[in-house]
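The structure appears below as structure tokens.
The values are calculated or read from the model by the stated rules, or taken from the named source; none is laboratory data. All values reported here derive from a predicted model rather than from experimental measurement. For neighbour counting, all protein chains shown are included, and Cβ atoms are generated from backbone atoms with ideal geometry for every residue, glycine included.
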Amino acid sequence: MSSRGGKLAPEVNRALFVKNLSYSVTPEELFDLFGKFGPIRQVRQGISTSTKGTAFVVYEDVMDAKQACDKLNGYNFQSRYLVVA
């Protein structure tokens, strides 16, 4: 059974929640960073006072999202350690 065809745990999702982002980060910078792991369908950044510094990154493929989560959680980006779930 290939890893792409196998069953995944229910918590594995194509959408990643990212927090502890710099308030000055751009969507293009997020596409560049997260795009290294596979095609991205969408990036949505928080813009209100309570959601600034957060984003959702949605991948085309769940395995790309899992790999990005594994590699980027705790990654130092723009002098901040990302929290990716």
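Here is how the numbers come out for the structure above:
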{"quantity": "Residue in the stretch 45-53 that is of a type in the set (A, V, I, L, M, F, W, C) and surrounded by 16 or more Cβ atoms within 10 Å (Cβ to Cβ) present", "calculated": "no"}
{"quantity": "Search result, residues across the stretch 22-34 that are crowded, with 16+ Cβ neighbours inside 10 Å and within 16 Å of residue 71 (Cα to Cα)", "calculated": "30, 33, 34"}
{"quantity": "Near pairs, Cβ below 7 angstrom, 6+ apart or cross-chain, from the stretch 1-25 (on the phi > 0 side of the Ramachandran plot) to any residue that is modelled with pLDDT of 95 or more and among the aromatic types (Phe, Trp, Tyr)", "calculated": "20/81"}
{"quantity": "Some residue of the stretch 64-77 being surrounded by 13 or more Cβ atoms within 10 Å (Cβ to Cβ), out of contact with any strand residue (DSSP E or B) (no Cβ under 6 Å at 6 or more places or on another chain), of a type in the set (S, T, N, Q) and over 12 Å from residue 19 (Cα atoms)", "calculated": "yes"}
{"quantity": "Lone qualifier among 84, 58 - being in contact with a helix residue (DSSP H, G or I) (Cβ under 7 Å, 6 or more places away or on another chain), of a type in the set (A, V, I, L, M) and within 13 Å of residue 13 (Cβ to Cβ)", "calculated": "84"}
